[in-house]
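Have a look at the structure below, then the notes.
Derivation of every value follows stated rules applied to the coordinates shown; laboratory data play no part. From a predicted model like this one, the values you see are computed outputs, not experimental measurements. Cβ coordinates were reconstructed from backbone atoms using ideal geometry, including for glycine residues, and neighbour counts include every protein chain displayed.
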Amino acid sequence: MEEECIFCEEPEGLEKDVIKRYDDWTSFVNLKQKRLGRSIIKLERHVEDLLETTEEEINQLHNQVLPELKKALDKAFQPDLYNYASLGNSVRHLHIHVIPRYKDEREFMGKKFRDKDWNSHYKPYGENVEVEDEIRNAIAEELRKYV
Ligand SMILES: [Zn+2]
């Protein structure tokens, strides 16, 4: 475990946002919900470069974690496209962003989500990207139904 790594220690309350725990990975709903269902998949051990992963970890990511998350997002919110990103600029602990992209607006629990950058690079930050805890927890609950 690295000192002061938020993904090694796991922030309090994360459990309600967890979609599924695997041997090597955990998928959970991102605090930022500019695109409905935006999620993160983090490796269970502290590694900072994608190429430091083992073949077994990559196999699990490819054969279980990503397909199950994608299936859940498809069933819950019907995205039109997926973006995958592994950046590590502010949190070094290896994680992969799964960003569902939408041609049209979606509504969940009375809140409207519009992908304003459709057909363009996603802009991760900006206005109103964080949602209330109850909405985020409910998004995770919805996705858990399908994984
Ligand atoms: Zn870590």
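Between helix 66-77 and the chain, what is the angle of the helix's C-alpha long axis to the longest principal axis, kept within 0 to 90° and rounded to the nearest 10?
20 degrees
Quick one: of K32/K70; K32/K116; K20/K42; K75/K103; K42/K71; K71/K116, which pairs are farther than 21 Å apart, Cα to Cα? Intermediate values should be presented prior to the final figure.
On the way: K32/K70 18 Å; K32/K116 15 Å; K20/K42 11 Å; K75/K103 16 Å; K42/K71 18 Å; K71/K116 24 Å.
Cα-Cα > 21 Å for K71/K116; rest within.
What ranking, highest mean first, results for peptides 53-59, 96-102 when packing means the other Cβ atoms within 10 Å averaged over each residue? Intermediate results must be reported in sequence, preceding the final value.
Numbers: 53-59: 13.1, 96-102: 20.3.
Highest mean packing first, the order is 96-102, 53-59.
Can you give the Kirkwood hydrodynamic radius of the chain from its Cα pairs, in Å with one decimal? Show your work: numbers first, answer last.
Values: mean 1/r = 0.0640 Å⁻¹.
Across the chain, the inverse of the average 1/r is 15.6 Å.
Report the gain in length on full extension from H46 to E107: 0.36 nm times residue separation, minus Cα-Cα distance, nm rounded to one decimal. Write down the numbers at each step before the final one.
On the way: separation 61, 0.36 × 61 = 21.96 nm, distance 3.59 nm.
Using 0.36 nm per residue and subtracting the Cα-Cα distance, I get 18.4 nm.
Which far-off residues, 5 or more places away or on another chain, put their amide H under 5 Å from the one on I19, with H placed in the peptide plane?
It is S27, F28, V29, by chain and number.
Just want the ordering: R35, R106, from fewest to most Cβ atoms lying within 10 Å of their own Cβ. Mind dumping the intermediate values first?
Values: R35 26, R106 18.
Going from sparsest to densest Cβ surroundings: R106, R35.
Averaging sequence separations of C-alpha pairs under 8 Å and six or more residues apart, then dividing by the length of the stretch 6-144, give the relative contact order as a whole percent.
Details: 209 pairs, mean separation 44.1, N = 139.
Relative contact order for the stretch 6-144 comes out at 32 percent.
So if each residue of separation counts as 0.36 nm, and I subtract the Cα-Cα distance between E55 and C8, what length gain in nm does that give? Kindly include the intermediate steps, with their values, before the conclusion.
On the way: separation 47, 0.36 × 47 = 16.92 nm, distance 2.12 nm.
Full extension from E55 to C8 adds 14.8 nm.
Angle check, please: helix 133-144 long axis (alpha carbons) against the longest principal axis of the chain (alpha carbons), in degrees 0 to 90, nearest 10.
That helix lies at roughly 70 degrees to the long axis.
Neighbour counts of other C-beta atoms within 10 Å: give me L87, L31 arranged from fewest to most.
Working: L87 10, L31 15.
Fewest to most other Cβ atoms nearby, the residues stand as L87, L31.
Go ahead and estimate [θ] at 222 nm for the chain from helices alone: -39,500 (n - 2.57) per DSSP H run with n ≥ 4, summed, over the residue count, rounded to 500.
After summing the helix terms and dividing by residue count, I get -6500 deg cm²/dmol.
Rounded to the nearest 0.05, what FRET efficiency do W118 and N63 have when you use their Cβ-Cβ distance and R0 = 25 Å? Kindly include the intermediate steps, with their values, before the conclusion.
Working: r = 30 Å, r/R0 = 1.18.
Rounded to the nearest 0.05, the efficiency is 0.25.
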